[in-house]
Amino acid sequence: MANISQQVFAYIEGNIDSSLTLEQVSAHIGLSAFHLHRCIKRETGITLKALVRHIKMYKACFLLAYRQHLSVTDVAMIVGYNGSDSFSRAFRQYYAMSPSYFRDNPSSYTIQPLHTFLLPHLLSRFEQGIEVTVRSVNERHLFCMMHKGSPENVVNTVRAFIHWRKAHGFGKSKYRTFNLHYSAPNTPPEAFTMAVGVEVPKTLLNPTPETVREVNLKPSKYACMQVEGSDYHFTRVFSYFFEHWLPASSYTVTDGPVVIERKAFYPDVALDKAVSEIMIPIQ
């Protein structure tokens, strides 16, 4: 059964466009306001009011960074503010910058502090273990935008890729989305390398070879792990795979990128409904 913070988190996300009070949330959960306050404080280290603000600001960051067709006012309304002025004041108080400045200067690191408070919720679903499935995968043909350099700036590559795929008709509802990770965990930031890609039929021509490259993933055997929720699960999944599953198996990891298919995207879906599949090449 979900713990209290999980239930509260899901309720806040489902009603993120509302002004949420302790009394309103406690009535939904079925606890007294006093008991709910104590539970949230114990499980997250912060008050419910602060948790609501953190979840709203976190989603606002993703909308500002990755949904550039939305205005600041649109984002404000989505996360439950009456207008851009009140939202901008709250955003500036939380991040020490305006929403417009963040949109023009996004950083993956700016968003991270939220997870300090949400880790009990984000990691709890792995208490029952991680399932690894070995699967043979056919050749894949992708158009990829490469990123090399600090992970802090991946957000800019992802934004450019989103703009590119929309401009050329490779919408995510029709074409599958992948990340390719080429770097080991201890790679220096300046050498970090990954790609954001879309799977396309091999017969399609690359419309902008100067911007994206064609990547062919050869048929291979993969250890596959489905991840529901935040990308912050990935670290725990990789730790389990390399420290427990792999040593106990007869497999070894082969050359080639770690492939991550993005099946359901936050913020288009609630954070705990986001779905990715991690695929590690093995033999």
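Quick one: which of 226-232, 277-283 comes out on top by average Cβ neighbours within 10 Å, and what's the full order, highest first?
The peptides rank, most packed first, as 277-283, 226-232.
Apply the Karplus curve 6.51 cos²θ - 1.76 cosθ + 1.60, θ = phi - 60°, to the phi angles in region 43-52 and return the couplings in whole Hz, x for Gly and Pro.
Once rounded to whole Hz, the list reads 7, 10, x, 9, 7, 4, 4, 5, 5, 4.
Of the cross-linked pairs Lys49/Lys148; Lys56/Lys218; Lys148/Lys202, which ones have a Cα-Cα span greater than 30 Å in the structure shown?
The answer is Lys49/Lys148; Lys56/Lys218.
Where does region 4-122 land on Rg/Rh, using Cα atoms and the Kirkwood Rh?
Here Rg/Rh amounts to 0.98.
Short version: what are the Cα gyration tensor semi-axes of region 129-282, square root of 5 times each eigenvalue, largest first, in whole Å?
Semi-axes from the Cα gyration tensor: 25, 18, 16 Å.
For region 28-34, what does the Karplus curve 6.51 cos²θ - 1.76 cosθ + 1.60, with θ = phi - 60°, yield as ³J(HN,Hα) per residue in whole Hz, taken in order and with x for Gly and Pro?
Along region 28-34, the couplings run 5, 6, x, 10, 5, 4, 5 Hz.
Could you work out the mean projected area of the convex hull around the alpha carbons of region 192-283, in square nanometres to one decimal?
The directionally averaged projection comes out at 7.7 nm².
For the chain, what is the Kirkwood hydrodynamic radius in Å, using each pair of distinct C-alpha atoms?
For the chain, inverting the mean 1/r across all distinct Cα pairs yields 20.6 Å.
When the chain is treated as a GNM, springs tying every alpha-carbon pair under 10 Å, which of Thr177, Thr44, Thr252 comes out with the largest mean-square fluctuation?
Per the Cα network of the chain with a 10 Å cutoff, Thr252 tops the list.
Report the per residue volume, in Å³, of the convex hull enclosing the C-alpha atoms of region 177-224.
In region 177-224, the Cα hull volume divided by residue count equals 113 Å³.
Running a GNM on the chain with Cα contacts under 10 Å, which residue among Gly169, Gly197, Gly256 ends up with the highest mean-square fluctuation?
Maximum fluctuation in the GNM of the chain, among the listed residues, is at Gly169.
Calculate for the chain the 222 nm mean residue ellipticity that helices alone would give, adding -39,500 (n - 2.57) per DSSP H run of length 4 or more and normalising by residue count, nearest 500 deg cm²/dmol.
Computed ellipticity for the chain at 222 nm equals -11500 deg cm²/dmol.
Read-outs throughout are calculated quantities, based only on the coordinates presented, and are distinct from any laboratory measurement. This is a predicted model, so every value here is computed, not measured. Positions of Cβ are generated from backbone atoms using ideal geometry, with glycine treated the same way; all protein chains shown enter the neighbour counts.
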